[in-house]
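Data block below; observations after.
The values are calculated or read from the model by the stated rules, or taken from the named source; none is laboratory data. Here the structure is a predicted model, which means the values were calculated and not measured. Cβ coordinates were reconstructed from backbone atoms using ideal geometry, including for glycine residues, and neighbour counts include every protein chain displayed.
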Amino acid sequence: MPHPNTGSSRPVAPGPAADEGLARRLKALACTAPLHDLDARKANLAGEYSTYAMAEVALAAIDLVTLTMDFDTGADHDQIVARLQPRVAAQAPGRPAEEHERVARWVLENLINVGSVDRGFRAVYGTFGADGAYVRRDYDFKLIEEVPGPGGTVYLRTTDEAVNVLVGALDTDVTSAQIAAEVKLEVLISRGRLADAQLAAEQARYRTVQYAETLRRALEATRRDVRAVDWLRAVPDMINEALDHVADRYRHENAILTNIRKARDEATEPEHKRRAAELVDIVKDCIRRHTQLQSRLLEAGPLFRAEQDRQAFATPVARAGLDLYGQLLAPLLPLPVERASRVTDAFFAHGTGLRTPPAVRVGDLIETLLTPPLEREHLGAEMPEPDLVATPEDSRFSEAQLEAALELLDLPHDAPRRLSGLLAEARRRDPELPYLVALLAVHAASPPVGTAYRQGEQRLLFAVDDGAELDDPEFGGADLIVGAALLDAAGMALDRTVENTAGKDEGHRE
Amino acid sequence: MDDGENLAPAPEPEAVRPAAVTPADAADAARLVAFGLQPKLLPARDAEYAELIRRHREDPAFARLADAVAAGLGLVVLEVSPRAGMAVAAGEDSVFAVRMGDYSRRAASDSSDRFLHGLAHLAVAALAFPRPADLADDGYIGRITVNGVDAFVRQACRRLEERAEEQGENSDPASDAPGLEAAWRVYARRSATGATKDARRLAGSTTGIVGKAVAFLVDSGFLQRTGDESGGTYRTTARYQLQVRDLAGSAAMAELLDLGVVPVGDGTASLLPPGEGDEFELVAEAGLPFHGS
């Protein structure tokens, strides 16, 4: 495709090599500016925020987003804020949790640069052109960008700039990056560092999927138009390359799988065992994806031949129309925006359709404004009054009995009692009551600690078996010690907020 | 208005002459144009409209009368058919024309916003009719998604960026001449989406701009919404194809030629899949045409 831009591509930019290197470094430097800026601007915030190291929080945020980036979506905004909070809280433990959240949010929003219309940053730097003239240029970049996810949600992703400058140079070459990830994995496993190994395995899978995606694009394009894809050289080469890749990776990952299985079976620490088991699942998924890629590769040839037959014998359309992309959009994009606007304006003026201008008479307007709103009439048929039949009370115990039992079990926290004594007392009040008391006591043998903890209960009924046998005419078993435990409601509430902010990652702090 | 019998080889050539235009005919012709001004209305849905369309096709005198009414209102008649109805488009200075300032207030003052809104409309059309044959084929129905349009333009921008890098060009614009910034760069640096307080699309983001464009085209009777996936999925109507083929495409083309850019096409599709090393970011469920169904 001839491109109008090739005409203007005479060696303008190269200039002195040193100058180019300087520009590159200036750009790299510019990427760090927003982080320094955070620390410089925290003094302007309403409140005493100088204790927080904003650049540190920002780097942590970029790391978090980078690590959470999934294949096709990214990190969730709120989740990143929540995960940042422990670090923010550690910087100023005395401050309220709301302030920590505000700081985390402020940092994240500033990394996105919510205030600007582009949601990005701009730095100005100067270079010498080929003709020796000094030109100031704008360098636009983003650190964290927002991308659309499924269902209209918005996800965060770190940009190449952020990854290259702020996370560390990442090799973007698909194959070599995968090899690197796998070497890392093997080293990590041999050193027994499984937590990091899992991360590396997930990265390896990410690369694998990307590889399959490249192939899928070529195949789908073939389905649309055989001639759009170079089936003489490019695609066969790619298929061979990909088949080699699959064979290689398959061998490699099976070796890893054997290793991790061994690590899983030999691991004594339950946490290691669990991690290793997870890792086995991930590597299995990698292998599954390789197999998938391979079967797709094998389908590629027949698909090409079938599509060639189908498309070659389809009747061609008599007249060829305008190629909107090739003849309009593609030549337009390299133009300076000032000139390109003339074309888009022309398209807009003729391509948007028409609007009938509203014509309002003053008389109509007054009438419209004074008309009371219409009552809705289409509410459907009237609902028949439901005929309710009172169901007979069929509970084993009445409300009054429950109250009596609970009153009996409302023990002071420093004076637990034997179940036999409670049963005897209950029997004196009501012959049915002992059954309810026994039931509640048995329940208390496995007290719902988790629920009480979540609901912030003040006290909790518990029952313990100390081996004494119950001597009762109606019941048998252990003579439980029933007592009430006081719970530290305030402490639990504090714990809960910390845990909530730590997100749903690991339910620690039981 | 003259009858011109030689243009109308009707079965009874002499009978046409006495049938001069009556006020009732003029009212019918104007009524047909009025139907045409309701772009979402289809002849198949309205018996009177269908009858007037039939009369336009069978009665040359009536057809000329209706066309004249349209021309007098500043409208261009693209086609009169049962599938598209009376497809009329607004002439440049017509009261029915849409002006950029009414379309988006920001676009009126900000040149890069103005460009982005125009580009969004062009990109929607380019993706709705990816091959020249699709635009020419009357039976073709294009399907687009908002995220797909955005991803498709972004990919094109990305390729230009890569090419500029390969050639060692410095694509960063000079600070004092923002108008000389390459067009693709304006799009590339605008964010694709953004979180807002009320969970609506960020109006200034590129998906917001594309979303506005498709919503407007729905109101123009050019697109029909078919679903909510990928930021909204839409299919084209016959009117849109006519408008793009007969009016917008050629107008934009004329402007491009005027700028001295002469793109050469041989009638084959130039919308190619990305190259192997092309690692552009996939938008979730973008549903690009080069990704198949």
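May I ask you to list the residues in segment B:68-77 that are over 18 Å from B:Pro23 (Cβ atoms) and out of contact with any helix residue (DSSP H, G or I) (no Cβ under 8 Å at 6 or more places or on another chain)?
B:Ala71, B:Gly74
Scanning for something at pLDDT below 80 and of a type in the set (S, T, N, Q), does segment A:70-77 turn up at least one residue? Steps first, answer last, please.
From segment A:70-77, those at pLDDT below 80 are A:70-74; that's our starting set.
If we keep only those that are of a type in the set (S, T, N, Q) too, we end up with A:73.
The answer is yes; a qualifying residue exists.
Going through B:Gly221, B:Gly249 one at a time, which residue ends up being within 13 Å of the chain's Cα centre (by Cα) and not in a helix (DSSP H, G or I)?
Working: B:Gly249 fails: not in a helix (DSSP H, G or I).
That would be B:Gly221, the only listed residue that is within 13 Å of the chain's Cα centre (by Cα) and not in a helix (DSSP H, G or I).
Would you check if there is a residue in segment B:88-105 being farther than 28 Å from B:Arg235 by Cβ and of a type in the set (Lys, Arg)?
yes
Would you say A:Asp387 is over 30 Å from B:Asp110 (Cα atoms) and under 47 Å from the mean Cα position of the chain (by Cα)?
Numbers: over 30 Å from B:Asp110 (Cα atoms): yes; under 47 Å from the mean Cα position of the chain (by Cα): no.
Spelling it out, it is not the case that A:Asp387 is over 30 Å from B:Asp110 (Cα atoms) and under 47 Å from the mean Cα position of the chain (by Cα).
Exactly one of (1) assigned to a helix (DSSP H, G or I); (2) modelled with pLDDT of 80 or more is unmet by A:Arg227. Its number?
A:Arg227 satisfies every listed condition except (2).
Quick one: is A:His272 assigned by TED's automatic domain parsing to the domain that holds A:Leu215 and modelled with pLDDT under 70? Quick ask: steps written out before the conclusion?
Values: assigned by TED's automatic domain parsing to the domain that holds A:Leu215: yes; modelled with pLDDT under 70: yes.
So A:His272 passes the test.
Can you report the number of residues in segment B:91-117 which are aliphatic (A, V, I, L, M), in a helix (DSSP H, G or I) and over 18 Å from the mean Cα position of the chain (by Cα)? Step through it out loud before you land on a result.
Applying the first criterion (aliphatic (A, V, I, L, M)) to segment B:91-117 yields B:95, B:97-98, B:100, B:107-108, B:116.
Cutting the leftovers down to in a helix (DSSP H, G or I) gives us B:100, B:107-108, B:116.
Restricting the remaining residues to those that are over 18 Å from the mean Cα position of the chain (by Cα) gives B:107-108.
Within segment B:91-117, residues that are aliphatic (A, V, I, L, M), in a helix (DSSP H, G or I) and over 18 Å from the mean Cα position of the chain (by Cα) number 2.
Within segment B:94-139, which residues are more than 8 Å from every other protein chain (Cβ to nearest Cβ), over 16 Å from B:Ser220 (Cβ atoms) and free of Cβ contacts under 8 Å to residues at least 24 places away in the same chain?
B:Gly101, B:Arg105, B:Ala107, B:Ala108, B:Ser109, B:Asp110, B:Gly139
Consider only pairs whose beta carbons are under 7 Å apart and that are at least six residues apart or on different chains; among these, list those whose first residue lies in segment A:227-242 and is over 14 Å from A:Arg217 (Cβ atoms) and at the interface with chain B (Cβ under 10 Å from one of its Cβ atoms) and whose second residue is in a loop (DSSP other than H, G, I, E, B) and polar (S, T, N, Q).
As it stands, the answer is A:Arg227/B:Thr268, since those pairs meet every condition given.
Can you find a residue in segment B:149-164 that is facing chain A (nearest Cβ under 7 Å) and part of a loop (DSSP other than H, G, I, E, B)? First the steps, then the outcome.
Quick first cut of segment B:149-164, residues facing chain A (nearest Cβ under 7 Å) only: B:156-157, B:160.
After this cut, where a residue has to be part of a loop (DSSP other than H, G, I, E, B) as well, the list is none.
Within segment B:149-164 (the criterion being facing chain A (nearest Cβ under 7 Å) and part of a loop (DSSP other than H, G, I, E, B)), the answer is no, since none of the residues qualifies.
Which helices (runs of 4 or more DSSP H) sit wholly inside segment B:1-90 and have at least 2 residues that are modelled with pLDDT of 90 or more and in contact with a Phe, Trp or Tyr (Cβ under 6 Å, 6 or more places away or on another chain)? Outline the logic, then answer.
Details: elements: B:13-16, B:23-36, B:47-58, B:60-72.
Where helices (runs of 4 or more DSSP H) fall fully within segment B:1-90 and carry at least 2 residues being modelled with pLDDT of 90 or more and in contact with a Phe, Trp or Tyr (Cβ under 6 Å, 6 or more places away or on another chain), they are B:47-58.
Among the residues of segment B:45-52, are any out of contact with any Cys (no Cβ under 9 Å at 6 or more places or on another chain) and farther than 19 Å from B:Ala24 by Cα? Reasoning before the result, please.
We begin by selecting, within segment B:45-52, every residue out of contact with any Cys (no Cβ under 9 Å at 6 or more places or on another chain); these are B:45-52.
Among the residues that remain, those that are also farther than 19 Å from B:Ala24 by Cα are: B:45-46.
Yes, because at least one residue in segment B:45-52 is out of contact with any Cys (no Cβ under 9 Å at 6 or more places or on another chain) and farther than 19 Å from B:Ala24 by Cα.
Return the residues of segment A:273-298 that are free of Cβ contacts under 8 Å to residues at least 24 places away in the same chain and under 12 Å from A:Leu219 (Cα atoms); say none if nothing qualifies.
A:Leu298
Out of the residues in segment B:235-249 that are more than 7 Å from chain A (Cβ to nearest Cβ) and closer than 18 Å to A:Phe348 by Cβ, which is surrounded by the fewest Cβ atoms within 10 Å (Cβ to Cβ)?
First, pick out the residues of segment B:235-249 that are more than 7 Å from chain A (Cβ to nearest Cβ): B:235-242, B:246.
With the extra rule that they be closer than 18 Å to A:Phe348 by Cβ, the set shrinks to B:236, B:239-242, B:246.
Details: B:Thr236: 22, B:Arg239: 27, B:Tyr240: 29, B:Gln241: 28, B:Leu242: 20, B:Asp246: 16.
The residue in question is B:Asp246.
Could you pull out the residue among A:Ala89, A:Ala82, A:Ala104, A:Ala58 that is crowded, with 16+ Cβ neighbours inside 10 Å, at pLDDT 85 or above, in contact with a Pro (Cβ under 8 Å, 6 or more places away or on another chain) and outside the structural domain of A:Glu213 (by TED's automatic domain parsing)?
Details: A:Ala89 fails: in contact with a Pro (Cβ under 8 Å, 6 or more places away or on another chain); A:Ala82 fails: in contact with a Pro (Cβ under 8 Å, 6 or more places away or on another chain); A:Ala104 fails: in contact with a Pro (Cβ under 8 Å, 6 or more places away or on another chain).
The conditions single out A:Ala58.
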